[in-house]
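See structure below.
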Amino acid sequence: MNPLDEKKRNASTKAKEKYNAANYDQVKLMVKKGDRERIDREAALHGMSRNAFILAAIEEKIERAKKEQEE
């Protein structure tokens, strides 16, 4: 890779990292060996990324808990 391409890539990467740091929180999730593949398969069946699938599952759980509290 020539030096100009490397500088452009580095600038782009830094810009993305800065944007992500300002707009997103990161959560590290640890799962047992093999569970990542199981999650990925299920996410793919629903046409979702791993991240989108996990976020949807969390939101579903939160909504279910809210409804249970209202009863």
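Would you check which residues across the range 40-50 are assigned to a helix (DSSP H, G or I) and open to solvent by 100 Å² or more (accessible area, probe 1.4 Å) and list them?
41, 45, 50
So, of the residues in the range 61-71 that are farther than 21 Å from residue 28 by Cβ and part of a helix (DSSP H, G or I), which turns out to be least open to solvent (accessible area, probe 1.4 Å)?
In this case the residue turns out to be 65.
Is the range 16-39 home to any residue that is among the polar types (S, T, N, Q) and surrounded by 10 or more Cβ atoms within 10 Å (Cβ to Cβ)?
Yes, the range 16-39 has at least one match.
The values are calculated or read from the model by the stated rules, or taken from the named source; none is laboratory data. Every value quoted in this text rests on a predicted model; they were computed, and no experiment measured them. Backbone-built Cβ (ideal geometry, glycine too); neighbour counts: all protein chains shown. To get the accessible areas, we keep the full protein, side chains included, count just its heavy atoms, and leave off ligands, DNA and RNA. Shrake-Rupley method; radii C 1.70, N 1.55, O 1.52, S 1.80 Å.
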